[in-house]
Structures are given as structure tokens and as C-alpha cells.
1. I need the phi-derived Karplus couplings for the range 43-48: 6.51 cos²θ - 1.76 cosθ + 1.60, θ = phi - 60°, integer Hz, Gly and Pro marked x.
2. Ranked highest first by the average count of other Cβ atoms within 10 Å around their residues, in what order do 103-115, 2-14 fall?
3. In degrees, nearest 10, range 0 to 90: what is the angle between the Cα axis of helix 109-120 and the longest Cα principal axis of the chain?
4. Taking amide H atoms as placed 1.01 Å from N in the peptide plane, list the residues 5 or more away in sequence, or in a different chain, whose amide H sits under 5 Å from that of residue 52.
5. Taking the convex hull of the alpha carbon atoms in the range 28-83, what volume per residue do you get, in Å³?
6. Please give me the summed charge of the neighbours of residue 60: other residues whose Cβ is under 14 Å from its Cβ, Lys and Arg +1, Asp and Glu -1.
7. Is it possible to state the helix-based mean residue ellipticity at 222 nm for the chain, with each DSSP H run of 4+ residues giving -39500 (n - 2.57), the sum divided by total residues, to the nearest 500 deg cm²/dmol? What is it?
8. How long are the semi-axes of the ellipsoid equivalent to the chain, from square roots of 5 times the Cα gyration tensor eigenvalues, in whole Å, largest first?
Amino acid sequence: MERKQVLIVDDDVDFLTALSSRLGNEGFYVVTATSAQQALQQAVERSPDVILLDINMPGGDGFNLHQSLRNVTGLSCPIIYITGRYSQRACRISSMLGAFGLIPKPFDTAELLATVREAAGVSREDVVAAHSQDT
């Protein structure tokens, strides 16, 4: 089985580093972007299996990026929002856009990992086995 690829989009570099490490240790191949423009480029080049997307970023919010990913690139992978500003409005918009989920920061790591695995359509054992084959 091929390792599942996750694109994480967040303007907080420390957050990206920590989450990338955690997902990598779980067997995912991780790509990161710190801006909407980088995210579009990475999405086109890499066709990730799942995108973790911050809502509040400089240069464009996650909702606009979500629409661009769908309309501009035609990408149809699951998108999971991660936000420090959880609200009913964010829930409503993410649902209208067809997001796979919305997870508030700070989050429970086990819950996040389970959500990413579910979005990628794999079990923990599948992800770890794919990672073991690559190393």
C-alpha cells in the first residue's frame, strides 16, 4: 500500500513542524504550505489524499482557499479545517463547502489522527504498514 499524503496549510511554522512530525511518525507523507498560494501550488503538484486547512491565514482565508482548490485545481480530496477561532459560523460555512470536518485548536491528537485516517480511508495499521515498506 502506498503512503497517504497529507497537505497541511497553516501560517504558524511551529504548528506545522509539530503536526508534520506527528503525522509523519504515524506513517503519513506530509507536505506543508504557509500561504494560500503555496497551498494551491502544492495541491496541483502533489495531489494530496487529505488537506488539513487553517481558516485564518494572511493573504486569504481557508474558506476561499477551499473554493479555489475545488474550482481552480479540480482537486476533490477531503478537507479538514483546523482553527483557533471555532464558531457556529465556521461550522456552517465548512459544512456548506463540503468539508470532511472541523477541528478546533487546541485539539486532541488522537482525535485528529483518527479523523485524518478516516478521511484518507485507511486504518492505523494500513498507514504504519505503508510507512514500514518505504523505510
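1. Couplings: 5, 5, 6, 10, 6, x Hz.
2. Details: 103-115: 13.7, 2-14: 19.2.
Result, highest mean first: 2-14, 103-115.
3. 90 degrees
4. The list, which skips near neighbours in sequence, is 7, 8, 9, 80.
5. Details: hull volume 4.0 nm³, N = 56.
It is 72 Å³ per residue.
6. -4
7. On the way: 6 runs with 66 residues, N = 135.
That comes out to -15000 deg cm²/dmol.
8. Working: eigenvalues 101, 52, 39 Å².
Semi-axes from the Cα gyration tensor: 23, 16, 14 Å.
Every read-out reported here was derived from the displayed coordinates using simple, explicitly stated rules and does not represent laboratory data. In this text the structure is predicted, and so the values were computed from the model without any measurement. Every residue, glycine among them, receives a Cβ derived from its backbone with ideal geometry; neighbour counts consider all protein chains shown.
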